[in-house]
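S.K.: Provided herewith is a single structure, encoded as structure tokens, for subsequent inquiry.
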């Protein structure tokens, strides 16, 4: 087909820039270079343009080999034309000749945004990440407001799991197209990961203003409110969403957690039962409802629920463990022992079953029987380390630190790199007065695992309680809080450090926040009592000492603290 009029050419050219392979064609008409004055140059340009148009039409018709021939002829007349190189590269992509397509970049010294995007995408397919990055950056630099350029660049970084690098491009994409919901949701998730909760809230609210039932945005916003302790707001979102999408179990799960946080236990049980009506075998909700019923001391309903689950899933051991635990809560120890012995008869190598059986002895204040029952089964269990560790925990609870150390070491001999075992051994070393060994273990753990915030917190707390190296402790705690800023234990440690440094007002803020994260804890309440004592608010100090004593009535130190408060006298 031969085109004879320029007017006709100008009409069809915009229609021919369609997506080919991975390339995105320009959306605007081709702008030809100014015609040169020299007649030979005019002829050259005319020939280039004619072959280019023929190549476009042939490519559009799927005749790729002929299109390639025409475009190569066009390129011979004008080798540096962005339009010709772009179209030929697109043809090569359709032919899966990616290397040939990539080589065309050398013809263009100053590529526009569209050509840069095409080369960047081809480079990605060929796993030439550095080259792809270069060309995506050229695209954005050429046209900072290009939706396509910013979209591809943000997607590129997200695929590399480098969300912070993607963030500015993703923001641009969201600003350029308010209807791009997926980009906005991804932007909100990145804000959450960066703990920029207010920005995330703003993004998700904008999405929900446009569509109040958008699931991903609703889930994101509800999760933020839960994290921030604004459970009423989270509950309102989840209640709305379960009405709209009753089949979506995610919102039921978030709803029940918000209800529990608000002490709406009856509502939480009702929510759980609704889910079990739809999904009677859902393990998560069977556990949640059973535990809620047990907490309300409705043991009969809890037992009925778990028994039905066992009947439906007789091979599922987790339900049997749950029922054994329920029997222990009711002090029905013989029934718990019978159930666990039956499980042992079915599988006598499971360390978990023996550990739970030993727990029945601990609940009856029989630590020696618990230890001997565990020692007997060591030769046959599948996870000896778990048995050793459990025996060590029992000895630690009995303040027999030397024996605890021996068994923790045996557990580590089995699993030398088990982090929890190493943390526990360091703690017992410290309790046993062997701080040097505890410090050595924790420093080594931090060196091996630079993001182990728990190890940093534990070593800092040991320094604080020894009244030394406050500067080192502060550095560790700041690093731990950077990694996990909402960890109640870390917040308490930092507050305790401030108290020890003579800053009780600042300490109060951190320890109260820790209580909000952790809930009731005798150690945290004791710390609050000490801080209020330092502030000479003896009434508040007594209040928190009493709360600590309620949770740990056998601690003589707590009683002595309360007794020593001015004007409060002996413990009531």
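The values are calculated or read from the model by the stated rules, or taken from the named source; none is laboratory data. This structure is a prediction, so every number in the text was calculated from the model and none was measured. Because the Cβ atoms are built from the backbone with ideal geometry, glycine has one as well, and the counts that use them run over all protein chains shown.
S.K.: Say whether the condition of being over 34 Å from the mean Cα position of the chain (by Cα) and not assigned by TED's automatic domain parsing to the domain that holds residue 399 is met by at least one residue in region 474-492.
M.R.: Going through region 474-492, the residues over 34 Å from the mean Cα position of the chain (by Cα) turn out to be none.
No - not one qualifying residue is present in region 474-492.
S.K.: In region 406-419, how many residues are buried (at least 17 other Cβ atoms within 10 Å of the Cβ) and over 22 Å from residue 449 (Cβ atoms)?
M.R.: Applying the first criterion (buried (at least 17 other Cβ atoms within 10 Å of the Cβ)) to region 406-419 yields 407-408, 410-412, 415.
Now restrict to residues that are over 22 Å from residue 449 (Cβ atoms): 407, 410.
Result for region 406-419: 2.
Rundown of residues vs (1) in the same structural domain as residue 324 (by TED's automatic domain parsing); (2) in contact with a strand residue (DSSP E or B) (Cβ under 6 Å, 6 or more places away or on another chain); (3) closer than 21 Å to residue 421 by Cβ; (4) assigned to a helix (DSSP H, G or I), yes/no style:
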| site | (1), (2), (3), (4) |
| --- | --- |
| 341 | yes, no, no, yes |
| 360 | no, no, no, yes |
| 372 | no, no, no, yes |
| 381 | no, no, yes, no |
| 387 | no, no, yes, yes |
| 391 | no, no, yes, yes |
| 405 | no, no, yes, yes |
| 408 | no, no, yes, yes |
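S.K.: Which numbered condition in (1) closer than 26 Å to residue 427 by Cβ; (2) at pLDDT below 95; (3) in a helix (DSSP H, G or I) is the only one that residue 319 fails?
M.R.: Residue 319 satisfies every listed condition except (1).
S.K.: Name the pairs whose Cβ atoms lie under 6 Å apart, with the first residue in region 292-315 and touching a residue at least 24 places away in the same chain (Cβ under 8 Å), the second surrounded by fewer than 18 Cβ atoms within 10 Å (Cβ to Cβ), and 6 or more positions between them or separate chains?
M.R.: Close Cβ pairs (under 6 Å, with a partner that is surrounded by fewer than 18 Cβ atoms within 10 Å (Cβ to Cβ)) amount to 292/265; 293/301; 294/329; 299/330.
S.K.: Here's another thing I want to ask about it. Assess whether residue 418 counts as being in contact (Cβ under 8 Å) with a residue 12 or more places away in the chain, under 30 Å from residue 491 (Cα atoms) and out of contact with any helix residue (DSSP H, G or I) (no Cβ under 6 Å at 6 or more places or on another chain).
M.R.: yes
S.K.: With the requirement that a residue be surrounded by fewer than 22 Cβ atoms within 10 Å (Cβ to Cβ), farther than 27 Å from residue 99 by Cα and more than 23 Å from the chain's Cα centre (by Cα), what does region 148-175 give you?
M.R.: 172, 175
S.K.: I'm told residue 164 meets every condition in (1) part of a helix (DSSP H, G or I); (2) more than 27 Å from residue 85 (Cα to Cα); (3) in contact (Cβ under 8 Å) with a residue 60 or more places away in the chain except one. Can you identify the failing condition by its number?
M.R.: (3)
S.K.: Taking the residues in region 54-86 that are buried (at least 21 other Cβ atoms within 10 Å of the Cβ) and out of contact with any helix residue (DSSP H, G or I) (no Cβ under 6 Å at 6 or more places or on another chain) as candidates, determine which candidate is nearest to residue 110 (Cα to Cα).
M.R.: 81
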